[in-house]
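The values are calculated or read from the model by the stated rules, or taken from the named source; none is laboratory data. On a predicted model such as this, the values are computed, not experimentally measured, just so you know. Because the Cβ atoms are built from the backbone with ideal geometry, glycine has one as well, and the counts that use them run over all protein chains shown. Only protein heavy atoms, including side chains, enter the accessible area calculation; ligands, DNA and RNA are left aside. Shrake-Rupley method; radii C 1.70, N 1.55, O 1.52, S 1.80 Å.
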Protein chains: 2
Amino acid sequence: MLWMLYRWPCGALPGCGVLSAPEPTVQSLIFRLRVMAPHWVSRWPWWLFRASPGWRQTACTLRAWVEPRRWPGSFQGAGVASPLARRGCSSTSSRLPAVVLTQERCAVQRLPFSTVSEEDLAAFECIIPGRVTTDPEELEAHNVDWLRTHRGCSKVLLRPRTSQEVSHILRHCYKRNLAVNPQGGNTGMVGGSVPVFDEIILSTALMNQVVSFNSVSGILVCQAGCVLEELSRYVEEQDFIMPLDLGAKGSCHIGGNVATNAGGLRFLRYGSLHGTVLGLEVVLANGTILNCLTSLRKDNTGYDLKQLFIGSEGTLGIITAVSILCPPKPKSVNVAFLGCPGFAEVLQTFSTSKGMLGEILSAFEFMDAECMQLVGRYLHLACPVQESPFYVLIETSGSDAGHDADKLGGFLEHLLGSGLVTDGTLATDQKKIKMLWALRERITEALSLDGCVYKYDLSLPVERLYDLVTTLRAHLGPCAKHVVGYGHLGDGNLHLNVTAEAFSTSLLAALEPHVYKWTVDQQGSVSAEHGVGFKKRDVLGFSKPPEALQLMCQLKTLLDPRGILNPYKTLPSRA
Amino acid sequence: MLWMLYRWPCGALPGCGVLSAPEPTVQSLIFRLRVMAPHWVSRWPWWLFRASPGWRQTACTLRAWVEPRRWPGSFQGAGVASPLARRGCSSTSSRLPAVVLTQERCAVQRLPFSTVSEEDLAAFECIIPGRVTTDPEELEAHNVDWLRTHRGCSKVLLRPRTSQEVSHILRHCYKRNLAVNPQGGNTGMVGGSVPVFDEIILSTALMNQVVSFNSVSGILVCQAGCVLEELSRYVEEQDFIMPLDLGAKGSCHIGGNVATNAGGLRFLRYGSLHGTVLGLEVVLANGTILNCLTSLRKDNTGYDLKQLFIGSEGTLGIITAVSILCPPKPKSVNVAFLGCPGFAEVLQTFSTSKGMLGEILSAFEFMDAECMQLVGRYLHLACPVQESPFYVLIETSGSDAGHDADKLGGFLEHLLGSGLVTDGTLATDQKKIKMLWALRERITEALSLDGCVYKYDLSLPVERLYDLVTTLRAHLGPCAKHVVGYGHLGDGNLHLNVTAEAFSTSLLAALEPHVYKWTVDQQGSVSAEHGVGFKKRDVLGFSKPPEALQLMCQLKTLLDPRGILNPYKTLPSRA
């Protein structure tokens, strides 16, 4: 198998500063090398190849877990579990401090639902014998979200295996006016997957069967509780991949992915779940099974009802099965990590990558210099390229390694020649690709070690993406320790993070609603991929007009007239 | 610019019959040629290159129009306008025989809407001065669909320019209980775009402004009445393409495309409009403007309301503006036209194309031998390859012509070597690509010249796609002149057509509900891409369970409580 890891120091070229375009020198060198070794240098200059010295050190410092700490308020605090660690229920531990009940931390009133009685438990036991849990210790992991910011006090966990069982459960709950919290892998970022009060937790964990896979069309049909990573393995054995990939893939359920309209790392290439999900089976609040589980690429027979449930966070129905289109597995994957002299160059690099890499471009991520400093300081991950104001991570996935290397070679040569990047490194084998991805994926972890973190997940027009970070640095001054920006540039998705020594209401007041207002002024979205859940339900109005909020409430009333499905989530509390 | 048009006669190889795998001979030839001319023959054997003799004749016989005839019943009759002709309102002409009023041809009762009064006309004139049409001659083109199967008797045509005007009009109609038929380019296939009775026609023709185009992200925002072809031209000037392409592109409006969830030729590559449409502005039945016109790739703030309107055929709201993601323009396009010895080989060719062409595969169409015979007989288009039981058209679109040719070369070599195809031709320049596409696109026209045509647009699991054609041939026997199958194999979309000398109720009875039942038995869909409209509303129940139909009706009632928007369409008449 082919692999390369090399680095080219732009500054090492005669007469070639970090910010200047080294075109003539590069071209003449390439020309000379072409003459000397035509096969090797048709695209790639020899002098670019050099093993990165930082990787040995980096590998030693890779840690999968850091001690979490508690944090107040509605923002995410320091010391969360590593995003590289296995997320979900298993992340709780007796070593960790208790999480305050959401109902105590936040101004929220319990709605007038019934409470679970002995008769209810007997009814559930009848429907799913042996799979009704009331043990407080076992329930603990299901009452707290993986970020350890939200905690409910549910007394019952139900683990159905079939849609019929879910239907019987909901029919009972609907009749009895019992609130239900659907739960997949419990890996959500906005407190949507755990109860706020004593809602019954309905876990999809045992609904984990693959129904069918068509190896011609690549269409997978499976139950909602299948773990994403297991599905990935399953389809990869048949030369396909899942159209989505997430840090939480080891725990998250496909049903939860669909319910939260998860974005993730393959979004740029394979698009939204609204396009790749072909069918859903959903159990409605009253127990009706809505079978829209077609496994067809095209189906224009009436309203596309499944779309209603994608991203509705379990508030309109419980997804019990998913039909999804899997793309063929790419035969070649490359990752380039580059240093850029400014954000304008980051944008130009993105534009150029779309033109020159075309159909093989599969990710375009960026991070600023402060992110890299934090990753270096706290996680001892060495920057594999020359220090730069910005870094981009570009992934390509294609069906021909030679063609991909050729395209990427031409592209990188152009970037270097035009001064858009000042330094770069490339990895083609799996281990080194993961190392480069770690620089981007472990920023969250590094930030959490820097103090108290105020986190925002924003969608913005790509050309204004970084302006908010710059504006905010000036706006906050010394109140903040760090104001950093990184994220999925290719999707226009900025992860804006502000750190401080400790929680401060004045800093929070300086941030909110300023950040949301700024975002709205740019026609952005206050939640790009994390959803609304419990945490963001009262900022929804920043991104959606009153007419849209009203229609959302009407849809909720139509589909769940008693409001028993995942209450206190997604819709504004005032609605 | 590179271009090639060549043909390889498999039978011309020694010891190589049409159905046998010529592997050893081909390989030895390639090997010998590689030694002789290593650059040229690294992938493509020289002897494959030969100009196709049929093209001169083909070019002379390309016709854009055939005289239409009338046909009875609910199926499409013979002699429709060529799909290559400019569709829409302009297709009507004084030379053509009148189309029977839908209300006379079909058992349908007018719902108790008000009729347009002088006061209503005055109110409309106030809202859109000079753009209220009551001239019967001008209205004629808007009352009849382009297939000339449906005809309404509307007395008023309104042509608003802005969403506000649409809002004012609907507010008035809602108050007055006046039914409204939204109309784009009037290019629909199922009678959804014309009135059934005297509904007011609200045309989007003057809402044809581009609002913005972001040349970094490729996001286009425009009014609903922009013609697809004009948008294509606009974005192509900036090195992007529209994510959809249709035969009707010269007339169809982007708003209509979205309202009908149009599929088309780029579906295989760029997917459904549910994935590529980023935002919509919609005017609801009561005049409320619902602004979900975000131009962001990611936006997880609440329910994705725009999805409700994609494919709802104007029955839930009138789309007034669209935000859509445009892919970068491919730098290289190739089309291969191949003969396959059987449908099993067609399927294997499809599987192989996904693996070997990967990210550059952009269309995979098929047609059977009878289609080719009809195209030859009626349109004098010569088959560019050896006679075969099946033909496939494969299109690639990529960012590097050399790489694409290399991939396609390797793929075709493999097909030929393994006996999956017996003959083939390849085109890389625009003119010849269009000629190959014409063979596939003009089948409808050829069928219409063969007599009375019974047309079905079905979505089926790809491995069962052709079984229906075979089954039906046996089932119908000599009652049918021809039973043919063709379509978008890559999308699992079969266009099944049956021709007969004249309309026959017994043939219709032998076809329906047999075709629909067979489709449902294979978990297929009775409408893949054409939608429901007026024509298919009563077969919807074949593909959707009662629970889904009920929810559709509830959504209609929620969004359009008086049912004024495009009545008699999309939902079953019994609902």
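A few notes on this one:
- Based on alpha-carbon atoms, the Kirkwood radius and the radius of gyration of the stretch A:141-231 give Rg/Rh equal to 1.04.
- All other residues whose Cβ lies under 12 angstrom from that of A:LEU290 are scored, Lys and Arg at +1 and Asp and Glu at -1, for a net of 0.
- Using alpha carbons only, the radius of gyration of the stretch A:381-439 set against its Kirkwood radius gives Rg/Rh = 0.96.
- The stretch B:355-494: radius of gyration and largest Cα-Cα distance (Dmax), Å: 16.0, 51
- The average projected area of the stretch A:438-488, computed from the convex hull of its Cα atoms over all directions, is 3.9 nm².
- Note on the stretch B:416-575: with neighbouring protein chains present and a 1.4 Å probe, carbon and sulfur make up 54 percent of its accessible heavy-atom surface.
- Between identical copies, the spacing of B:PRO112 label points, each set 7 Å from Cα toward the C-beta atom, reads 3.7 nm from nearest to farthest.
- Over the stretch B:110-263, equivalent-ellipsoid semi-axes from the Cα gyration tensor in Å: 30, 18, 12
- Overall dimensions of the stretch B:221-321, expressed as equivalent-ellipsoid semi-axes from the Cα gyration tensor (√(5λ), whole Å, largest first), are 22, 15, 13.
- Surface share of carbon and sulfur [accessible, 1.4 angstrom probe, percent] for the stretch B:165-323: 46 percent
- In the distance distribution for the stretch A:409-564, Cα-Cα pairs more than 22 Å apart total 56 percent.
- Here the stretch B:446-482 is scanned for amide nitrogen atoms under 20 Å from the site 7 Å beyond the Cα of B:SER504 along Cα-to-Cβ, giving B:447-456, B:469-482.
- The calculated pair-distance distribution of the stretch B:475-575 uses every alpha carbon pair, bins of 10 angstrom beginning at 0, and gives 13, 37, 32, 15, 3 percent.
- Summed buried accessible area for B+A [probe radius 1.4 Å, Å², rounded to 100]: 6800 Å²
- Peptide B:453-461 - average C-beta neighbours from other chains (10 Å radius): 2
- For the peptides B:100-108, B:423-431, the ranking by packing is B:423-431, B:100-108, with the highest mean count of neighbouring Cβ atoms within 10 Å listed first.
- Links that overshoot a 19 Å alpha carbon limit, given the list A:LYS544/B:LYS556; A:LYS536/A:LYS556; A:LYS481/B:LYS298; A:LYS306/B:LYS306; A:LYS354/B:LYS432: A:LYS544/B:LYS556; A:LYS481/B:LYS298; A:LYS354/B:LYS432
- Protein heavy-atom accessible surface, 1.4 Å probe, per residue over the stretch B:426-575: 32 Å².
- Accessible-area value, A:THR470, 1.4 Å probe, nucleic acids and ligands omitted, Å²: 80 Å²
- Chain B, closest residue to the rotation axis toward A, by beta-carbon, whole angstrom: B:GLY275, 1
- For the stretch B:320-365: accessible area per residue (Å², 1.4 Å): 22 Å²
- Reported to the nearest whole Å, the Cα centre-to-centre distance from the stretch A:463-542 to the stretch A:271-300 is 34.
- Dipole magnitude for the stretch B:175-249: about 380 debye, using +1 per Lys or Arg Cβ and -1 per Asp or Glu Cβ, origin at the Cα centre.
- Residues B:GLU445, A:GLU359, B:GLU118 ordered from highest to lowest accessible area at a 1.4 Å probe: B:GLU118, A:GLU359, B:GLU445.
- For the stretch B:138-160 versus the stretch B:183-206, the spacing of their alpha-carbon centroids is 7 Å.
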